[in-house]
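**Q** Sharing a structure with you now.
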Amino acid sequence: METYKGLSASEGIGIGEVFLVPPPAPRLIPQYKIRETDVEAEWQRLEAALTKVKQRLQEQSATADSQYAAILETYIVMLMDVEFLSQVKSLLIKSLQNIEIVLQKKATEMAEILRGAGDEYLAERAQDITDVFDQVIDELLGYKTFDYDFVPENTVVVADSVSPADAVALFKKKLRGLVACEGGASSHLAILARNHRLPAVLGIKAITDKLESGQQVIVDGTEGLVIVQPDEKTLKKYHKSEVAKQKEEKSLSKLKHKIASTKDGVGFTLLANIGSPEEAQLALDEGAEGIGLFRTEFLFMGAVQDARKTGSSGMKSVSEAAQLEAYRQVLETMGNRPVVIRTLDAGGDKFIKDAGFDSGPEQNPLLGRRAIRLTLANKPLFKRQLRALYRAGVYGDLRIMIPMVTHLSQIKETLEIIREVKDELQKEGLEFNPNVPVGIMVETAAAAVSADIFARYSDFFSIGTNDLTQYVLGIDRENPSVADLYDDKNVAVLRLIKNIVDSASQSKISVSVCGEMAGTPDRALLLAGMGVRTLSMSPVRIGAVKKALANHSIKELEEMAQVALSGEAL
């Protein structure tokens, strides 16, 4: 028996025989010079390949569910990126090399910049770029990839990687689990696996070299484990857990579209945290009543351009139109439900490049120029995002959230910029919603202690418990040597949360929690006992939190919170 540790991409337990997806045959891309007179013919070959891949994706999208369709539409948009294709054509003319090599160079260049950004979500979007343009190169070469229609049902699929396009065929089958070398928790593959409740473990290097088809494996998607050829004792234990998990999921599925409440009828609003437009549908499918946190960092992957021409960091700015489209898509998906969109939270552990600024590494990045500090220092970028947000406000119930606020002056300066944005939009005759609420993400000790003051200038609060805990306890939660000291139930953290909730109540503004605490049942109960009535979490955790709330009365929850706040539980 051997055990391999990877990333938990989709919770659950799957037991079955391995089906090892064969590695792709070596794809050799010829490299040769062309004549100037051949440029147009090469470009026509590319256009024909783009059209075929686009048509194939559109056909798949037409028969896919909304979750798949949204991802495939994203791929189609990438194929039609005018800026990127313009850069490809320029390199074709300049280098006089065959189009396959030119396209590969430009796609690799774009992907590598994203992978080097130091942010997991952007790294996953780099994989999307590679996936979609690899399909175009395959079309140019006449290269055939593995047909996932041949995967047997009731198996555990093990592969180097699986593109979302291949996942369309794969997830139509009844599988027991999924294991892959590539991918992370925010990858499209992970999102799709969670949507289909398929246990998945990703990010295990060279796992395809270690397993063989026909071996029995256990996929523990909750703990991120793959157990090969388990002994009888382990198998029995996991079979029992699998049955219990299936029973629990069946029970939770009945709660999807029921209002969250305690057993004595006190109601709660459960929202979802998302990081891309396509995740909005997953949130709806899981019973979310809105979006409590839409992270906008994914938009700022930019596009590669010639730094010598722009004098920039090598990235072009994300256009107002591109942002507007992403925000519109989420708002229209959610209908009349609330959507809280956080302005760019770059810097810190989210390294992003955009024309005009570089949120590159700092000595103490989590204490450095990040989030609102960074955007206020880059007013053109901030105004561009705010313009897109206010214009998107006509499509639904939008709220704007400002991250990492520590000084009242930051709120006042932001509100002044917002006034400028509204004046500009009005003068330009563009349609926008002038009444979009603006709130702050309370995630620092400074904001928590001064919550009563900040509430005078905010339409709502959303508590970011991840950073709040980190900053209050002075602990880097990503550092394994001190990770055991990271405790969001620490009395200091809880007392600050209570102060935020009380300050919001006194100022008659709404308050929610969008950190990990909200989606962890025992923590969610404490938050409820402290007066929080709106919780935002990963969509797949909504059912478990509903169940936990339904098992207690509000009085019981208040008593639990009181004990925790007193420090008696220490």
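The values are calculated or read from the model by the stated rules, or taken from the named source; none is laboratory data. In this text, all values refer to a predicted model and were calculated from it rather than measured experimentally. Here Cβ is always computed from backbone atoms with ideal geometry, including for glycine, and neighbour counts include all displayed protein chains. These area figures cover heavy atoms from the full protein model, side chains too; ligands, DNA and RNA do not enter into them. Shrake-Rupley method; radii C 1.70, N 1.55, O 1.52, S 1.80 Å.
**Q** Out of all the residues in the stretch 502-519, which are out of contact with any Gly (no Cβ under 8 Å at 6 or more places or on another chain), hydrophobic (A, V, I, L, M, F, W, C) and either part of a loop (DSSP other than H, G, I, E, B) or more than 20 Å from residue 295 (Cα to Cα) (or both)?
**A** 504
**Q** Residues that are touching a residue at least 24 places away in the same chain (Cβ under 8 Å) and over 29 Å from the mean Cα position of the chain (by Cα): list the strands (runs of 3 or more DSSP E) wholly contained in the stretch 1-65 that include at least 1 such residues.
**A** Result: 2-5, 13-20.
**Q** Would you mention how many residues in the stretch 403-427 are open to solvent by 10 Å² or more (accessible area, probe 1.4 Å), of a type in the set (A, V, I, L, M, F, W, C) and over 23 Å from residue 462 (Cα atoms)?
**A** Within the stretch 403-427, residues that are open to solvent by 10 Å² or more (accessible area, probe 1.4 Å), of a type in the set (A, V, I, L, M, F, W, C) and over 23 Å from residue 462 (Cα atoms) number 0.
**Q** Looking only at the stretch 1-58, which residues are of a type in the set (D, E, K, R) and within 21 Å of residue 197 (Cα to Cα)?
**A** Of everything in the stretch 1-58, those that are of a type in the set (D, E, K, R) and within 21 Å of residue 197 (Cα to Cα) turn out to be 5, 11, 17.
**Q** Right, residue 94: part of a helix (DSSP H, G or I), modelled with pLDDT of 85 or more and touching a strand residue (DSSP E or B) at 6+ places or on another chain (Cβ under 8 Å) or not?
**A** On the way: part of a helix (DSSP H, G or I): yes; modelled with pLDDT of 85 or more: yes; touching a strand residue (DSSP E or B) at 6+ places or on another chain (Cβ under 8 Å): no.
No.
**Q** Same structure again: Output the number of the condition that residue 248 fails; it satisfies all remaining conditions of (1) buried (at least 20 other Cβ atoms within 10 Å of the Cβ); (2) in a helix (DSSP H, G or I).
**A** The number of the failed condition is (1).
**Q** Report, by residue number, each residue of the stretch 539-570 that is in contact with an Asp or Glu (Cβ under 7 Å, 6 or more places away or on another chain) and hydroxyl-bearing (Ser, Thr, Tyr).
**A** Listed by number, the list holds a single entry, 553.
**Q** Next question, about the same structure. Quick one: residue 468 ticks every box in (1) surrounded by fewer than 23 Cβ atoms within 10 Å (Cβ to Cβ); (2) in a helix (DSSP H, G or I) except a single one, so which number is it?
**A** For residue 468, the exception is condition (1).
**Q** Is there any pair with a first residue in the stretch 463-477 that is of a type in the set (D, E, K, R) and a second that is open to solvent by less than 50 Å² (accessible area, probe 1.4 Å) whose Cβ atoms are under 6 Å apart and which are 6 or more apart or on different chains, and what are they?
**A** Matching pairs, first to second residue: 467/443; 477/470.
**Q** Would you tally the residues in the stretch 134-146 being among the hydrophobic types (A, V, I, L, M, F, W, C) and either open to solvent by less than 20 Å² (accessible area, probe 1.4 Å) or not in a helix (DSSP H, G or I) (or both)?
**A** 3
**Q** Report, by residue number, each residue of the stretch 244-276 that is within 29 Å of residue 322 (Cα to Cα) and touching a Ser or Thr at 6+ places or on another chain (Cβ under 7 Å).
**A** 271, 272, 273, 275 - these are the residues of the stretch 244-276 that are within 29 Å of residue 322 (Cα to Cα) and touching a Ser or Thr at 6+ places or on another chain (Cβ under 7 Å).
**Q** Please state which of the following conditions residue 224 fails to meet, knowing it meets all the rest: (1) open to solvent by 10 Å² or more (accessible area, probe 1.4 Å); (2) under 12 Å from residue 12 (Cα atoms); (3) in contact (Cβ under 8 Å) with a residue 40 or more places away in the chain.
**A** (1)
**Q** Looking at the structure I just gave you, is residue 468 modelled with pLDDT under 95, under 28 Å from residue 288 (Cα atoms) and in contact with a Ser or Thr (Cβ under 8 Å, 6 or more places away or on another chain)?
**A** yes
**Q** Any residue in the stretch 127-143 that is farther than 12 Å from residue 54 by Cβ and modelled with pLDDT under 85 sitting within a Cβ distance under 9 Å of a residue that is outside any helix (DSSP H, G or I) and open to solvent by 20 Å² or more (accessible area, probe 1.4 Å)? List the pairs, counting only those 6 or more apart or interchain.
**A** From residues that are farther than 12 Å from residue 54 by Cβ and modelled with pLDDT under 85, the pairs are 127/161; 127/182; 127/183; 131/161; 143/24; 143/25; 143/27.
Listed here are the residues, each with its yes/no results for (1) at pLDDT 90 or above; (2) on the phi > 0 side of the Ramachandran plot; (3) of a type in the set (Lys, Arg); (4) open to solvent by less than 50 Å² (accessible area, probe 1.4 Å).
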| position | (1), (2), (3), (4) |
| --- | --- |
| 452 | yes, no, no, no |
| 474 | no, yes, no, no |
| 486 | no, no, no, no |
| 496 | yes, no, no, yes |
| 506 | yes, no, no, no |
| 524 | yes, no, no, yes |
| 529 | yes, no, no, yes |
| 542 | yes, no, no, yes |
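**Q** Does the stretch 260-271 contain any residue that is of a type in the set (A, V, I, L, M), outside any helix (DSSP H, G or I) and open to solvent by 30 Å² or more (accessible area, probe 1.4 Å)?
**A** So far as the stretch 260-271 goes, yes, one or more of its residues are of a type in the set (A, V, I, L, M), outside any helix (DSSP H, G or I) and open to solvent by 30 Å² or more (accessible area, probe 1.4 Å).
**Q** Using beta carbons and a limit of 9 Å, which pairs, at least six apart or on different chains, have the first residue in the stretch 424-444 and in contact (Cβ under 8 Å) with a residue 12 or more places away in the chain and farther than 30 Å from residue 501 by Cβ and the second one of a type in the set (Val, Ile, Thr) and crowded, with 20+ Cβ neighbours inside 10 Å?
**A** 432/421
**Q** Which pairs have Cβ atoms under 6 Å, sit 6 or more apart or on different chains, and link a residue in the stretch 499-513 that is over 22 Å from residue 566 (Cα atoms) to one that is surrounded by 21 or more Cβ atoms within 10 Å (Cβ to Cβ) and of a type in the set (Ser, Thr, Tyr)?
**A** Matching pairs, first to second residue: 512/462; 512/534; 512/536.
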